[in-house]
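Just below is one structure, and these are the notes that go with it.
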Amino acid sequence: MNSALLEASNFEGLKKALEKTPEEIIAIVKESSLKGRGGAGFPTGLKWEAALKAGGEGERFVLCNADEGEPGTFKDRLILTKAPLNVIEGILIACRVLDAKKAFIYLRGEYAHHRTALDRAIKKAKPYLGANGIDISVVLGEGAYICGDETAILNSIEGKRPEPRKKPPYPAEKGLYGKPTIVNNVETFAMVPLIFLGKFDSNKRLCSLSGDLHKAGVFEISEGKQAGTLLELAEPIGIPKALCFGASGGIIPFDPCMELTEANVKERGAFPGTWSVIVINHEHSIVELCRSIQAFFVHESCGYCAPCREGNLRMLELLEKISKGKGTKKDLQILRELSALLESSCFCALGRSAPLHVSTALRHFFWEFEEKCT
Amino acid sequence: MAGKKILLNELGLEQKRKGFVSKEKLKEIASKACVPESEAFSAATFYSFLSLEKRAKHSVLVCNCPSEQLKGSEKILGFLEKRLKVKRGNATKDKKFYLGETSCIGLCDKAPAMLVDGKPHAKVTIEKTKEILGKLK
């Protein structure tokens, strides 16, 4: 866990930021190289600048995405319990940029029990909220992975079916109720006050480590740390075979000497996203892992577009067949074709990343599939 | 948006209060949130934690994400199915328990985990599961 985050917040970062103009805040955030920590990694300063520059009259909003639903990810849970004030500070700094009077925290339903800590933090920030006429409301999700998508959240808060929206326009231009909206996730907002205290290091980030480990948990990793060194800290159970980046990031072989950089993960066909790493050991089957992840996507597809709604279902049928030892080599070919189809034709990021676990598993662990096919 | 209620919050409160959202209540909430009733229905039927019919008195949801499966969540589910005499995704005959699976609940570092009436239980074992069930009246 980030040591600077664990120091008790006394609003020093916020106080420093409030002395600046919106343009100065944006320049400082840009300078820090902070990128979104929710998965997509978009530069935060640029996002804020786009929202500030967006035209139109009337209200502007700030929205904190606390719908951390990616399987294997739990770093935001830790921030919400250990450092909720940092998140509130970050939200208030964003409010300053947009002169927004209303902010929302979209908290996933599975984290409903963390609401008390969040409410307490909002209460503690009252002097800063009151002085600037800002109101922060918590909206509680009710169990939907798609609500981790920033535009699905907008629909969810507006009382619509939470399907993702077409982008552009981006939320920074047309967000909540059609107004410019800054949307960032928990970790991103928590980092913002640290920038103003000179305690932010863009080379470090939080990584949720779970799976076949004795000491699963949240670790702070520096860009370029070796996978083997990281896993040693978490004490693997058995012999690590693969690293699975959440449900949507793909599966790659474990190489102790591999430096953990986005480029290295991408080179292997996967995507690190929020850096949630599920460690798989030699006793567990990659085919079974894919079947389980596929069932998850069938359950969580919002059903809006056909490739995602139908494609994921067909892929699950094939994986179940293969898993039972009834698959054929032709099934593997169809699986590969379906993966490519979904990656290129689904409407939103959920659908386009859903088949990544299959395409990377077929690339790196083909023999495990082949072994089960006739 | 001034004075408008957030549909999802209102639906969630009703679900917590009554264990489901009745058709009449849905209509009332939709009007408070200034959302057409059809839209409210469409939203209410989307979320896993909302239900338009009373499922059961208690809900037992076992997390089935990959990290949990690696740590034996399937064993816990299997035990619960036997003990409650019900298949996952269903309620017991006496409508006391609903047994289901849930997507990741963010407790992968403490797997296997489950949500019982919305309350998280981590590092569950069969023994611990028996205890939890025993406490539900």
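Rule-based calculations on the coordinates, nothing more; no lab input. On a predicted model such as this, the values are computed, not experimentally measured, just so you know. When we count neighbours, we look across all protein chains shown, and the Cβ atoms used for this are built from the backbone with ideal geometry, even at glycine.
Details
- For chain A, the relative contact order works out to 17 percent when only alpha carbon pairs closer than 8 Å and six or more residues apart are counted.
- Cross-link pairs B:LYS5/B:LYS57; A:LYS225/A:LYS266; B:LYS71/B:LYS128; A:LYS20/A:LYS174; B:LYS57/B:LYS93 - those with Cα-Cα distance over 21 Å: B:LYS5/B:LYS57; A:LYS20/A:LYS174
- Distance between region B:2-51 and region A:69-104 - C-alpha centres, whole angstrom: 26 Å
- Choice from B:CYS63, B:CYS108, B:CYS34 with maximal GNM fluctuation in chain B (Cα, 10 Å cutoff): B:CYS34
- For chain A, built as a Gaussian network whose Cα springs stay under 10 Å, the top-fluctuating residue of A:ASP212, A:ASP135, A:ASP149: A:ASP135
- The fewest-to-most ranking of A:GLU300, A:GLU262, A:GLU163 by surrounding Cβ atoms within 10 Å reads A:GLU262, A:GLU163, A:GLU300.
- Restriction of the GluC sites (Glu not before Pro) in region B:1-96 to DSSP coil positions whose beta-carbon has at most 10 other beta-carbons within 10 angstrom yields B:GLU53.
- Taking A:ASP99, A:ASP76, B:ASP109, A:ASP201 and counting other C-beta atoms within 10 Å, the order from fewest to most: A:ASP99, A:ASP201, B:ASP109, A:ASP76
- The convex hull drawn around the Cα atoms of region B:2-46, when projected onto a plane and averaged over every direction, covers 2.9 nm².
- Pairs from the list A:LYS30/A:LYS82; B:LYS95/B:LYS119; A:LYS16/A:LYS102; A:LYS82/B:LYS135; A:LYS215/B:LYS137 with a Cα-Cα gap above 23 Å: A:LYS30/A:LYS82; A:LYS82/B:LYS135; A:LYS215/B:LYS137.
- Largest-first ellipsoid semi-axes for chain A, taking √(5λ) over the Cα gyration tensor eigenvalues, angstrom: 37, 24, 17
- When the protein assembly as shown is described by a simple charge dipole with +1 on each Lys and Arg Cβ and -1 on each Asp and Glu Cβ, the residue from A:LEU176, A:GLY250, B:ALA30 located farthest towards its positive end is B:ALA30.
- Mean residue ellipticity, 222 nm, helices only, chain B: the sum of -39500 (n - 2.57) across DSSP H runs of n ≥ 4, divided by residue count and rounded to 500, is -12000 deg cm²/dmol.
- Sequence-separation-based contact order of region A:87-186, relative, with Cα cut under 8 Å and 6+ spacing, percent: 23 percent
- DSSP beta bridges confined to region B:58-136 are antiparallel in about 55 percent of cases.
- Fewest-first ranking of A:MET258, B:MET114, A:MET191, A:MET315, using other Cβ atoms within 10 Å as the exposure measure: A:MET258, A:MET315, B:MET114, A:MET191
- Largest GNM mean-square fluctuation across A:PRO169, A:PRO71, A:PRO43, computed for chain A with C-alpha springs under 10 Å, falls on A:PRO169.
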